[in-house]
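See structure below.
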Number of protein chains: 2
Amino acid sequence: MKGIIMIIDGMADRPLGELEFRTPLEAANIPNMDKLAKIGICGIMDPISPGIRAGSDTSHISILGYNPYEVYTGRGPFEAAGVGVNVEAGDIAFRCNFSTADETGTIVDRRAGRIREGTDEIAQVINSLKIDEDVKIIFKESTGHRAVLVLRGEGLSDKVSDADPKHDGKHPKKVVPLDDEANSKKTAKILNKIVERSYEMLKDHPINIKRIKEGKNPANIILPRGAGAVPKVQPFADKYGMKAVCIAETGLIKGIGRITGMEVPDVKGATGGVDTNLKNITNAIMDASSQDYEFILINIDGADEAGHDGNLDEKLEFIERVDEEIEELMKIDDCYFILTADHSTPISVMDHTGDPVPLVISGPEVRVDDVDQFNERATARGGLCRIRGSDVMSILMDLMNKSTKFGA
Amino acid sequence: MKGIIMIIDGMADRPLGELEFRTPLEAANIPNMDKLAKIGICGIMDPISPGIRAGSDTSHISILGYNPYEVYTGRGPFEAAGVGVNVEAGDIAFRCNFSTADETGTIVDRRAGRIREGTDEIAQVINSLKIDEDVKIIFKESTGHRAVLVLRGEGLSDKVSDADPKHDGKHPKKVVPLDDEANSKKTAKILNKIVERSYEMLKDHPINIKRIKEGKNPANIILPRGAGAVPKVQPFADKYGMKAVCIAETGLIKGIGRITGMEVPDVKGATGGVDTNLKNITNAIMDASSQDYEFILINIDGADEAGHDGNLDEKLEFIERVDEEIEELMKIDDCYFILTADHSTPISVMDHTGDPVPLVISGPEVRVDDVDQFNERATARGGLCRIRGSDVMSILMDLMNKSTKFGA
């Protein structure tokens, strides 16, 4: 038996006037999701607990059975792992922007002309930077103007402020320690030096000289933000005794897969947007299901993007396109298949809300209920009633007959 | 007012192909349970939390409002209390087998020819054993080849391994400390001496000489397992201000009644199997309800046995027989009556699973819902939605108007 959890990011929503007070899931044509609801047991799920507005990261952490209040210190560690840095517990990780500073030190473009090429070469310069004898600096480009910075060594802390001023026209913010610990002071000092040195080292970099010639903003300064300490996490395979693979699009969710020790294949054409190549994602899932993985975590991100953009048509269309792929995925034999979302991203709110999300479990011997539609309200009448993200793995492990009895 | 919780052990199940995908409760003819559902408020309950495979012991502990993760260290303490040893907090208790060893020390029969008689006389020999000046050894026979061992004294620990090799044809396992503490080392040493001395003291015991003459395997060695420290438990009467009685069949549940300070009468003919004398159990309940008890805990075990045996017909028949008794129990006046199970023991799994169990509360002023069948799926649509075992006593105390307000 395999366990598959398919998370359609931000898919859940609220009733919308323009849909005659139906939600996108209620209005969309989703025969395959409805069929799953019909053959499975349904319910609603609070990713963390009722009303808590989960991030995609904290929700996935919770659904995988880790306590986000213990594990999650910030987005940095997951982003860093997501771009392929082999982070270690205790590392301090940051998200960074390649930005453009002028000669006075003012940030004139936080996104360095939305640079797309050459960031790997620029990143190599910062990656070799030495500030403190005992601290290793790891720096790697991500997509576009984004990058990650990891500090490794003794006496560091994630209790430091951001260098990113968040708006153009300002100087980089001086990083300050957020508590009185020596570790925080030391880390803030190192970060300020990295920001300062990055300008010196990058302003005349060949890539930037070329960009300036072409009238583009150079990527001549690094602005870290979102410090987080890489958590000590029990590998998924140890925790559950299952070999696991994570099929995801974004660095954030890939990072969660990597930090929990899953295999994380790259899927060609998986953009994390509504323009993603769903066929390739389906093929990657079908491929994984034919291998010896016992657990497959899937995250598809487009519905969340459409929700953040407040774009109803795109959200409806994307949900219907995902539904078409589910027809193929339902052919996977000998599995428990769980379909859900990691949070609601209502069109009307354009951000995550704390509304519960629909969830269905199909597979052998589940107590099939009489719900035959997959949406927020129909599943609320299902046999699972209302569960939490942290219950999902326990329920799955029990169904898969992989959990140990507590007591006699 | 009285509060009555009737727990039909392992009654809940999963849909079965041979019942046209109904559960035994859905297929059985249970007019009285259905009537309770109709006049009461229904829901499903996770004995511990969703997906967690509860033992009967940990589930009962949870339903009584104690935290099994704090209270439960192993089965030994409850079994010991169940056979009537007056255990004290801090005692280290073990389940034991009377077994047969040959002259080379090999265990040739872990169950000593399933000995049924004379174990009380054999037990007395071990009960008087002295190994360490400061440690009292209490040893008492249970049913058949089973017994309990309790060590009382300073400097003991339950972090020790089993002596029982679990299979015939092996030597007793050397008991080893499971941590580096001096207490664990001392306890392991004592246990190894008990095993060794038990053979010396029992091999020529008159009961065994007689058994050998009759061609039966002698009970000439004691094999302890399942160490547990007797927990410090607030007596039920202190915790809830109610005089309580526990009507149960098995030593395990009787032990929970005793450790929480309840009265635990013996019920004649209560075997804990499908052959139990349900009439006598009903009489014992009716008798208790006419006395000054304010709380009655009932456990009936046969459905769990049938589940463990994978015997569908026996499970169906037993549930129907219990249903007949409920007709009588519904005549008890002035009470809140809660009917539930402690866990599912599906016919298809033949062991406990983490599926939730149905639960109904009948009594004055409950918010009666429109559920009129008592089974896993019908009650999931009830007014209680999905609760946990640890919620039950709080709900009952509130209905009985016995709880104090938290706040103003």
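The charge dipole of region A:102-232, taken about the Cα centre with unit charges on the Cβ atoms of Lys, Arg (+1) and Asp, Glu (-1), comes to about 320 debye, rounded to the nearest 20. On a straight-distance basis, which lysines could pair with residue A:268 in a cross-link, Cα separation under 18 angstrom, same-chain partners fewer than 8 positions away excluded? Excluding near neighbours in sequence, the set is A:254, A:279.
The GluC sites (Glu not before Pro) of region B:61-112 that DSSP puts in a loop, and whose beta carbon has at most 15 other beta carbons within 10 Å, are B:88, B:103. Sorting the Cα pairs of region A:79-229 by distance into bins of 10 Å, from 0 upward, gives 12, 45, 34, 9, 1 percent per bin. Projected onto its three principal axes, the C-alpha set of region B:26-120 covers 64, 37, 27 Å, listed from the longest axis down. How much FRET efficiency would the formula 1/(1 + (r/R0)^6) give for residue A:131 and residue A:70, where r is the Cβ-Cβ distance and R0 is 25 Å, rounded to 0.05? Calculated value: 0.25. Listed by chain and number, the aspartates and glutamates placed with their C-alpha closer than 15 angstrom to that of residue B:331 are B:287, B:323; residues fewer than eight positions away on the same chain are left out. Looking at region A:5-78, the chymotrypsin sites (Phe, Trp or Tyr not before Pro) that sit in a DSSP loop and have at most 13 other Cβ atoms within 10 Å of their own Cβ are A:21. Taken as entire DSSP H runs, the helices of chain B that both span 27 Å or more between Cα atoms along their own long axis and average -1.0 or more on the Kyte-Doolittle scale are B:182-202. Listing B:197, A:95 from fewest to most neighbouring C-beta atoms within 10 Å gives B:197, A:95.
Expressed per residue, the C-alpha convex hull volume of region B:166-305 stands at 185 Å³. Of the residues A:149, A:357, A:48, the one whose Cα sits farthest toward the positive end of the charge dipole of the protein assembly as shown, with +1 on the Cβ of Lys and Arg and -1 on the Cβ of Asp and Glu, is A:149. Region B:156-193 and region A:316-340 have their alpha-carbon centroids 52 Å apart. Computed over chain A with a Gaussian network model linking Cα atoms closer than 10 Å, the most mobile of A:182, A:37, A:80 is A:182. Are any of the pairs A:140/A:174; A:159/A:203; B:140/B:193; A:159/A:186 more than 20 Å apart by Cα-Cα distance, and if so, which? Too far apart for the 20 Å limit: A:140/A:174; A:159/A:203. For region B:227-347, the gyration tensor built on C-alpha atoms gives an oblate shape. Its axis ratio a/c (a ≥ b ≥ c) is at least 1.5, and a/b is not larger than b/c.
Residue separation of residue B:86 and residue B:154 scaled by 0.36 nm, minus their Cα-Cα distance, works out to 22.7 nm of gained length.
Specify whether the C-alpha gyration tensor of chain B places it in the rounded, prolate or oblate class, a ≥ b ≥ c being the square roots of the eigenvalues: rounded for a/c under 1.5, otherwise prolate if a/b is larger than b/c and oblate if not. Cα axes put chain B in the prolate bin. One Cα centroid belongs to region B:1-41, the other to region A:219-242; the line between them spans 47 Å. Take the Cβ atoms of residue A:234 and residue A:290, set R0 to 25 Å, and the FRET efficiency comes out at 0.35. Here chain B is treated with +1 on each Lys and Arg Cβ and -1 on each Asp and Glu Cβ, and its dipole about the Cα centre works out to around 1340 debye. Other residues with beta-carbon under 9 Å from the beta-carbon of residue A:81 carry, at +1 per Lys or Arg and -1 per Asp or Glu, a net charge of +1. Ordering B:406, A:201, A:227 by Cα displacement along the dipole of the protein assembly as shown toward the positive end leaves A:201 in first place; charges were set at the Cβ atoms of Lys, Arg (+1) and Asp, Glu (-1).
Among A:355, A:292, A:301, the residue with the largest mean-square fluctuation in a Gaussian network model of chain A, with springs joining Cα atoms closer than 10 Å, is A:292. Taking label positions 7 Å along the Cα-Cβ direction at both residue B:196 and residue B:214, the computed distance is 3.3 nm, reported to one decimal. Ranking A:338, A:6, A:65 by how far each Cα lies toward the positive end of the dipole of chain A (charges on Cβ) leaves A:65 at the top. Of B:11, B:45, B:350, the residue with the greatest mean-square motion in the GNM of chain B, using alpha carbon springs below 10 Å, is B:350. Rounded to the nearest 20 debye, the dipole magnitude of region B:1-70 is 260 debye, with +1 charges on Lys and Arg beta carbons, -1 on Asp and Glu beta carbons, and the Cα centre as origin.
Apply 1/(1 + (r/R0)^6) to the Cβ-Cβ distance of residue A:1 and residue A:108, taking R0 = 51 Å, and write down the FRET efficiency to the nearest 0.05. E(calc), rounded to 0.05, equals 0.35. Using only the Cα atoms of region B:1-70, build the gyration tensor, take square roots of its eigenvalues as a ≥ b ≥ c, and label the shape rounded, prolate or oblate: rounded if a/c is under 1.5, else prolate if a/b is larger than b/c, else oblate. Because a/c hits 1.5 or more and a/b fails to exceed b/c, region B:1-70 counts as oblate.
Since every read-out is calculated from the coordinates, none of them should be taken as a lab result. The model shown is predicted, which means the values in this text are computed figures rather than measured ones. Please note: Cβ atoms are built from the backbone with ideal geometry, for glycine as well, and neighbour counts cover all protein chains shown.
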